[in-house]
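Notes follow once the structure below has been shown.
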Amino acid sequence: MNINKVSIVGAGTMGNGIAHVFALNGFSVDLIDINDEILTKAKNKISNNLDRQVKKEIITDTDKENALNRISLITGIDNIDSKSDLVIEAIIENKSIKLELWKKIHSIVDQNSIFASNTSAISITELSADIRPDKFIGMHFMNPVPVMKLVEIIRGYSTSDETYNTIKELSEALKKTPVEVHDYPGFISNRILMPMINEAIYTLYEGVASAEDIDTVMKLGMAHPMGPLTLADFIGLDVCLDIMNVLYDGFNDSKYRPCPLLKKMVAAKKLGRKTKEGFFKYD
């Protein structure tokens, strides 16, 4: 596999979760973001999540300390290690921002390194076309990363078999279940999940039922662990809207049209748990 040093760009919810999993499984991790405050907050979050695993007797105190010692905090993309074996990007779901970042990384990091995006919907082919298409792949982790077993591995048009096999083997080394997916808008997970969430929002928008009752139907009637509106709040309504826009633009099909209520709530910055209010209110 020959992957030892991993650089993770973006220390938000997904980035720190990915760093957590890699470090816990013995990899040396550089966690990179734009300022020290974000990075310190991320490492504290990782430490707290490791504490939860210790309390549940999933890991030991020694495992926790070793994992934290494997994580280095790096401020600024210019300081990325040029010898990183793998670079994983976990930033905002915006294609132009991702492309700009990847071009910068490509100019610094060794040509033999593999690049992976944690994008939840954006085309891997489009992100990689002008960079290193044979060594570029999608590695879509699920939130919360330390808990969820799935990794969608998305092959771009030119992703090599060698790159795919390396990332598949790596995912298994992280104790995850990899699933191979070809590069179409939304991949598998969000192509199925997001239209369901969007339709749940439409039922609320049209006055079919209350938010609580919509979620109750899906939990008790369909055995979902949480209702679609609660899940939307957990994901972030801005992220849901971004993904719906990718689907709508990618397929040019009206069935993927974002609900007007979703668009209005995002405009009002009622984004779910992270803003303390979405379809529900949070303390």
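The values are calculated or read from the model by the stated rules, or taken from the named source; none is laboratory data. Because the structure is a prediction, the values reported are computed rather than measured. We place every Cβ from the backbone using ideal geometry, glycine too, and count neighbours over all the protein chains shown.
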Filtered residue count, the stretch 268-282, keeping only those that are under 18 Å from A200 (Cα atoms) and part of a loop (DSSP other than H, G, I, E, B): 5
Every residue from the stretch 235-267 that is without any contact (Cβ under 8 Å) to a residue 40 or more places away in the chain, in a helix (DSSP H, G or I) and either over 26 Å from E126 (Cβ atoms) or not charged (D, E, K, R) (or both): L241, N245, Y248, S254, K264, M265, V266, A267
Every residue from the stretch 200-241 that is more than 15 Å from F280 (Cα to Cα) and more than 22 Å from the chain's Cα centre (by Cα): Y202, T203, E206, G207, V208, V217, M218, K219, L220, G221, M222, A223
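Each row is one residue, and each column tells you yes or no for (1) surrounded by 20 or more Cβ atoms within 10 Å (Cβ to Cβ); (2) touching a Pro at 6+ places or on another chain (Cβ under 9 Å); (3) among the β-branched types (V, I, T).
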site	(1), (2), (3)
A209	no, no, no
E212	no, no, no
D215	yes, yes, no
A223	no, no, no
D233	yes, no, no
V246	yes, yes, yes
F251	no, yes, no
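Quick grid of which residues meet (1) in contact with a Gly (Cβ under 7 Å, 6 or more places away or on another chain); (2) outside the structural domain of A23 (by TED's automatic domain parsing); (3) not in a helix (DSSP H, G or I):
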{"site": "T119", "(1), (2), (3)": "yes, no, yes"}
{"site": "E126", "(1), (2), (3)": "no, no, no"}
{"site": "G138", "(1), (2), (3)": "no, no, yes"}
{"site": "M148", "(1), (2), (3)": "no, no, yes"}
{"site": "K168", "(1), (2), (3)": "no, no, no"}
{"site": "G221", "(1), (2), (3)": "no, yes, no"}
Of residues in the stretch 90-117 being outside any helix (DSSP H, G or I) and among the aliphatic types (A, V, I, L, M), the one surrounded by the fewest Cβ atoms within 10 Å (Cβ to Cβ): I92
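Against the condition buried (at least 18 other Cβ atoms within 10 Å of the Cβ) and not in a helix (DSSP H, G or I), how does S84 come out, does it pass?
yes
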Positions within the stretch 17-67 being surrounded by fewer than 13 Cβ atoms within 10 Å (Cβ to Cβ) and touching a residue at least 40 places away in the same chain (Cβ under 8 Å), in sequence order: G26, N35
Any chance I137 is within 16 Å of the chain's Cα centre (by Cα), modelled with pLDDT under 95 and over 29 Å from N48 (Cα atoms): no
Exclusive hit being surrounded by 15 or more Cβ atoms within 10 Å (Cβ to Cβ) and on the phi < 0 side of the Ramachandran plot, set I201, I192: I201
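For the stretch 171-189, how many residues meet the condition of being surrounded by fewer than 16 Cβ atoms within 10 Å (Cβ to Cβ), in contact with a strand residue (DSSP E or B) (Cβ under 7 Å, 6 or more places away or on another chain) and in contact (Cβ under 8 Å) with a residue 12 or more places away in the chain?
Matching residues across the stretch 171-189 total 3.
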